[in-house]
Amino acid sequence: MPFEELTILYFQIAAGVMMGWDYFTPKSWREHMNGVLSEYVSGVQGRVDEDLSGALVFLKVSLPKIIASFIAFGLAYFVLRFGSSINGEWRAEAILVTGLVYLMLVAGGLITLMNIVFPLLVPLGLGGVFRGITMVLTSTEKGPLAGLGFLSLLVSFVMRYMNYTAV
């Protein structure tokens, strides 16, 4: 997915403006802007932390279901091995019955795991990314505005790299 050169330039201009703010404005302006942005970023970070802690609590509560799913997978394996070991006159019936039991155990385990994993994708996936970004913005020495400029510059580098490697 190649990016337009103008889009990359916009990101680089935004990076230059945000990073240049630290050098070309009076100290009182910088402190005010960094204070406002720090307050906003801290609020976002707090909400992300709540989502992450809620996701971890959900994962902890779901631990018995996860263990039960893995037990179902283990039982499914043993049922399949048992069904394949039967020889003789009842082999077809044994394979049919053990195959159905195997499918029910695997399907139940997979559905249970999907019901646990899917609600965690957004809080842990995007929440982890936003937590990392807000941590960088709140801990940078130059302030959140210069940090946003740096992140904008990094995004422009990634976009340019994707343009070079696009097929």
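Of the conditions (1) open to solvent by less than 40 Å² (accessible area, probe 1.4 Å); (2) over 16 Å from Asp22 (Cβ atoms); (3) of a type in the set (A, V, I, L, M); (4) at pLDDT below 90, Met135 fails just one. Which one is it?
(1)
Inside the stretch 1-15, can you point out the residues that are over 11 Å from Ala146 (Cβ atoms) and in contact with a Leu (Cβ under 9 Å, 6 or more places away or on another chain)?
Within the stretch 1-15, Phe11, Gln12, Ala14 meet the criteria.
Which of the residues belonging to the stretch 52-90 are of a type in the set (D, E, K, R) and loosely packed, with under 13 Cβ neighbours inside 10 Å?
Lys60, Arg81, Glu89
If I filter the stretch 10-51 down to residues being among the hydrophobic types (A, V, I, L, M, F, W, C) and free of Cβ contacts under 8 Å to residues at least 12 places away in the same chain, which single residue comes out as surrounded by the fewest Cβ atoms within 10 Å (Cβ to Cβ)?
The residue in question is Phe24.
The values are calculated or read from the model by the stated rules, or taken from the named source; none is laboratory data. For clarity, every value in this text was computed on a predicted model and none was experimentally measured. All Cβ positions, even for glycine, are placed from backbone atoms using ideal geometry, and neighbour counts span all protein chains on display. When the accessible area is computed, the model is the full protein with side chains, heavy atoms only, and any ligands, DNA or RNA have been set aside. Shrake-Rupley method; radii C 1.70, N 1.55, O 1.52, S 1.80 Å.
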